Structure formats: C-alpha cells, structure tokens
Amino acid sequence: MANEVTAPLPGKIIRMDIETGTTIEQDTEIMVIEAMKMETIVYAPCDGVIEKVVKKVGDEVEEGDLIATVA
Amino acid sequence: MINNLHSLLNTTGFAHLTPGMIVMWCIGLILIYLAIKKQYEPLLLLPIGFGILLVNLPLSGLMEPDVGLLWKFYHYGIHWEIIPPLIFLGIGAFTDFGPMLANPRLIFLGAGAQAGVYLTFFASHAMGYNIMEAATIGMIGGADGPTTIFIASKLAPQLLGACAVAAYSYMAMVPIIQPPIMRLMTTKAERKIRMAKPRPVSKREKLLFPIVSTFLIILLIPASAPLIAMLMLGNLFRESGVVERLKGAAQNELMNIVTIFLGLPIGATMHADIFLQPKVLFIFVLGLIAFILSTVTGLLLAKLMNLFSKEKINPLLGAAGVSAVPMAARVVHKVGIEADKRNYLIMYAMGPNVAGVIGTVIAAGIFITLLAP
C-alpha cells in the first residue's frame, strides 16, 4: 500500500482538497494540477489519513515530487 | 445629368460587387464568428477573416501589386519568407524539447505522422493537382500552419489562402477530429498502457540539442534551413538561460506582431475569383483526409513499435505526432484519462508532438528540394 501522494505529472498545483488529518479513499479527487494550460485531476493512490502536506496551491511540481504523506 | 450620376455611382464599390464577393463576405464573417464565439484559433482566424472581408470590397486596391497595403504585407512578409520563420523563432522559444530527449524513441512517432503528408501528396497529384500544388496540400496533414504557408508561398502561392485556412481550421478542430479515430484504432487495454517514468534530461543535453540539430538537419536538408535555423535559435535563447529578454521578445512581442502581419494578408489572398473554384474548395476535403491519415499512421506506427519492443508504448501517443502543439498532446492526455483516470500521458505526448514539428519542417524541406523551380 502506497503511503505517499506524489505528483503524477509536472505542472502547477491549482487546487488542493487535502490537509493534515483529511481521510482519503483510493481513487477520490484530492487535487488539481495544471500542465500545458490543462487542468488534470489527481486521485488518491490509497486509503488513509493525510499525515502531512508538503506542497501548497501555486507550487510548481515535477513528476514524482512528494506532495503529502499518508498514515 | 444621368451620365454624371452613373459615373459617380461607378466610383463607389457598389457598382462592382459580384455574387462571389458576397459569398466571401459570408466566409470571412463565419471565420470571425468561429474565432470569437468558439475561440477556434482566434489569433489567426480573426485577422484572416477580416482580411477576407477587405479583399472582397471592390476598388479598395488593398491587394493591388506594388501599391496595395495588404499586398505589401503579403509580398514582403510572406512571399519574401520572413514571417513564417519568425513565427518559428517564437515556437522555438516556447518549446521544451525535454520530453522528446527523455524518450528518444518517441521521435519516430513524430516522423510516422508525416506519412499522411506524403499519402495525400500522391493522392492529390493523382487527382489532377500539379505536383507543386499536391505537395502544398499534403502539408496540411502535418498540422503546422507556418510550415504550410512557407511551402505554399514557394510552390503554389495561388493555393496559399485555402491551404492556410484549412490547416488552421483543422488544427483548431484537433479535439473533434482526432478522438474518434483514436478510439477506433486502439483497444481499451492499449489506451490504458502506462508509460515508464522517463529518464531525467540534463541541462547540457537541452542546451546542445538546438546546436547539434541545426548542424545535422541543415546539412542533411539545406532547404529546411530558414525554418530550422529560426526554430533552433529560439530554442537556444530558451535553453541558454542568459537571454531571458530575447526569449521573451521572441515568445511574446515579436510573435504577436508577426501574427498580425501573417493573418491579415493570408485572408487577403482569398479573393472570390481565386478562392471560389472547385479546385481550391476541394483542398478542404483533401486537407481533412491528410489530417486523418497522419493521425492513423501515427497510431499504427506506435502499435508496430510495440510488436518489436519490450517496453510498451501507449499507442495514443502516435496521434500526437501531428505537430499541432500542444493541442494534439492534450487530446492524447484526455483520451488516455477516459480509459484510465490515473494515466497521465501529457508529458509523454509532448515528445512526439514536438518531434512532429521538426518532422513537418523536414518534410517541407524535402518537397522544396525536390520540387522548387
């Protein structure tokens, strides 16, 4: 079971639906990344509770960058 | 007295209107409508539409050789081959070739999609267009506006307006034209294929790329020099990191200025007498076929590559080989997500997409080398 949320594609975070303590369920929407002027929804990789979010709205991310840890 | 009135009327445009001109007004207005209401390539279709209106107002003299304002824009901008290369300077400054360098085998997909260009070239020639016109029409399949204009101005100026409008209209319709073909030609399992994480591309590689490709491509196909030279200079501005001002100017100010001087005279080449001929109108059919064939051959090539390679490619990426950047790549991304909502193809699709730009320029260079008078 994955315990990290990582950026699946490079781009800019334009919406973040999670914060410390949010309970997530696999395949539910957790954030939106904009790449090439196109908004892409990112889905939760696993079930769990968000432990820590290390990125915020407006941040530029590379593919594979850590976004949040899941407990 | 009656005579005087008659000659007065003759000095106005009204006495010289033809039904064809009114048809062209409608076409111009439709393009303006599509640009504003549907936002189909508005930066180009808006000035093109307005150019069409202007040139179909009788007695304006705007396209009169040596004196007309739009004629001068056309002659010194397009006929002298200045504007399309300047657009390429901007494209170079915009384009990150990183995704292509990260996954070099995807370059083949950018080349594969050019097959539509050649197939349409042969088909058009077989249908009675002369060989230079056929090459220009085939070029629409590359889905690259400036390249189509560049080759038309060299080989078949009489078709320039129609080919440019066909190229830009179909580019705007990439999200409508491509997805049904992509779904038809691939299975859901294929669309779900996830790509392996690409290797990182170093700054040095990105910096060397424009220099090395300039040498390589111009030595191989000298006729592609004007477009490749400007494309790679723009890219060098971008990757060098030391001339942010020049990069910005190429991407923004210069690009915007030349776009104005590109669209208006293209519209102005579309006078009723030239445009409203079956031979010219049929270009829109052939252009669409070229576009569809390019998409199909891109998809097929990706599937063919999968037969021989261990690491499977998502065949949708083949459709990004047409050089409508970044629309074709976005379409791949969206069709991929329909099949698997966690399959993010955009950056992989940018590889064949930017390779397609180079592929189209090379195809144009080959045509010019073989056919230019």
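The values are calculated or read from the model by the stated rules, or taken from the named source; none is laboratory data. Given the structure is predicted, the values throughout are model-derived calculations rather than measurements. For neighbour counting, all protein chains shown are included, and Cβ atoms are generated from backbone atoms with ideal geometry for every residue, glycine included. Side chains included, ligands, DNA and RNA excluded: accessible areas come from the protein's heavy atoms. Shrake-Rupley method; radii C 1.70, N 1.55, O 1.52, S 1.80 Å.
Accessible area, 1.4 Å probe, largest first: how do B:Ile30, B:Ile289, A:Ile41 sort?
Heavy-atom accessible area, descending, gives B:Ile30, B:Ile289, A:Ile41.
Can you pull the percent of chain B's accessible area that's carbon plus sulfur, 1.4 Å probe, other chains left in place?
Heavy-atom surface of chain B belonging to carbon and sulfur, 1.4 Å probe: 72 percent.
Which of the listed residues, B:Leu31, A:Ala44, B:Gly51, is farthest toward the dipole's positive end in the protein assembly as shown, when Lys, Arg count +1 and Asp, Glu count -1 at the beta-carbon?
A:Ala44
For n ≥ 4 DSSP H runs only, could you compute -39500 (n - 2.57) per run for chain B, divide by its residues and tell me the 222 nm figure to the nearest 500?
Values: 21 runs with 258 residues, N = 373.
Counting only the DSSP helices, I get -21500 deg cm²/dmol.
Within the stretch B:200-286, list the trypsin sites (Lys or Arg not before Pro) lying in a DSSP loop whose Cβ has at most 15 other Cβ atoms in a 10 Å radius.
When the trypsin sites (Lys or Arg not before Pro) of the stretch B:200-286 are filtered for loop state and at most 15 Cβ neighbours within 10 Å, nothing remains.
How big is the accessible area of B:Tyr168 in square angstrom, nearest 10, if you roll a 1.4 angstrom probe over the protein chains?
About 10 Å², rounded to the nearest 10.
Relative contact order for the stretch B:1-156 using alpha-carbon pairs under 8 Å, separation at least 6, rounded to a whole percent?
Relative contact order of the stretch B:1-156: 15 percent.
Give the residues of the stretch A:25-51 whose amide nitrogen is closer than 20 Å to a point set 7 Å from the Cα of A:Asn3 in the direction of its Cβ.
A:25-27, A:44-51
What accessible surface, in Å², does a 1.4 Å probe find on B:Leu208, ignoring ligands, DNA and RNA and rounding to the nearest 10?
90 Å²
Counting partner chain Cβ atoms within 10 Å of every residue's Cβ in B:340-346, what's the average?
What the average comes to for B:340-346 is 5.
Between A:Glu39 and B:Ala126, how many nm apart are label points set 7 Å from Cα along the C-beta direction?
4.7 nm
So what is the relative contact order for chain A, in percent, with contacts set as C-alpha pairs under 8 Å and at least six apart?
It rounds to 44 percent for chain A.
What is the distance in Å between the Cα centres of the stretch B:191-225 and the stretch B:301-373?
What the calculation gives is 14 Å, centre to centre.
Can you work out D for the stretch B:117-218 in µm² s⁻¹ from Stokes-Einstein, where Rh is the Kirkwood radius over C-alpha pairs, the temperature is 20 °C and the viscosity is 1.002 mPa s?
So the translational diffusion coefficient is about 129 µm²/s.
Would you check the accessible area of B:Phe73, probe 1.4 Å, heavy atoms only, in square angstrom rounded to 10?
Answer for B:Phe73: close to 50 Å² accessible.
Assigning unit charges at the beta carbon (Lys, Arg +1; Asp, Glu -1) and nothing else, what dipole magnitude in debye, to the nearest 20, does chain B show about its Cα centre?
1700 debye
Assuming R0 = 25 Å, can you tell me the calculated FRET efficiency for the pair A:Asp17 and A:Leu66, based on Cβ-Cβ distance, to the nearest 0.05?
Efficiency for this residue pair is about 0.90.
Using the beta-carbon distance between B:Ser240 and B:Lys197 and R0 = 30 Å, what value does 1/(1 + (r/R0)^6) give for FRET efficiency, to the nearest 0.05?
Efficiency for this residue pair is about 0.65.
Probe of 1.4 angstrom, ligands and nucleic acids ignored: what's the accessible area per residue over the stretch A:4-70, in square angstrom?
For the stretch A:4-70, the per-residue accessible area is 50 Å².
Check which residues have an amide H placed less than 5 Å from A:Glu4's amide H, if you skip close sequence neighbours.
It is A:Val70, by chain and number.
Evaluate the relative contact order of chain B (contact order divided by residue number), counting alpha-carbon pairs under 8 angstrom at least 6 apart; express in whole percent.
Relative contact order for chain B comes out at 29 percent.
What's the buried accessible area, both sides, between A and B using a 1.4 Å probe, rounded to 100 Å²?
About 1300 Å² of accessible surface is lost on pairing.
Starting at 0 and stepping by 20 Å, how many percent of the alpha carbon pairs of chain B end up in each bin?
P(r) for chain B, in whole percents per bin: 29, 55, 14, 2, 0.
Grab the beta carbon distance between B:Glu81 and B:Val285, set R0 = 35 Å, and tell me the FRET efficiency rounded to 0.05.
So the FRET efficiency works out to roughly 0.80.
Divide, for the stretch A:4-70, the radius of gyration over alpha carbons by 2.2 N^0.38 Å, where N is the residue count.
Against the compact-globule rule of thumb, the ratio is 0.98.
So if I place +1 on the C-beta of Lys and Arg and -1 on the C-beta of Asp and Glu, and nothing else carries charge, what would the dipole magnitude of the stretch A:4-70 be about its Cα centre? I want it in debye, nearest 20.
220 debye
Using a 7 Å offset from Cα along Cα-Cβ at B:Leu220, what residues in the stretch B:346-367 end up with backbone N under 14 Å from the label point?
B:355-367
For the stretch B:102-120 and the stretch B:1-22, what is the centre-to-centre distance using only Cα atoms, to the nearest Å?
Computed from Cα coordinates, the inter-centre distance equals 54 Å.
Longest exposed-loop-site-free stretch of chain B, with GluC sites (Glu not before Pro), DSSP loop and at most 16 other Cβ within 10 Å?
Result for the longest clean stretch: B:82-310.
Where the only charges are on Cβ atoms (+1 Lys, Arg; -1 Asp, Glu), what is the dipole of the stretch B:286-362 about its Cα centre, to the nearest 20 debye? Walk me through the intermediate numbers first.
Numbers: 7 positive and 3 negative charges, 32 e Å.
Taking the Cα centre of the stretch B:286-362 as origin, the dipole is about 160 debye.
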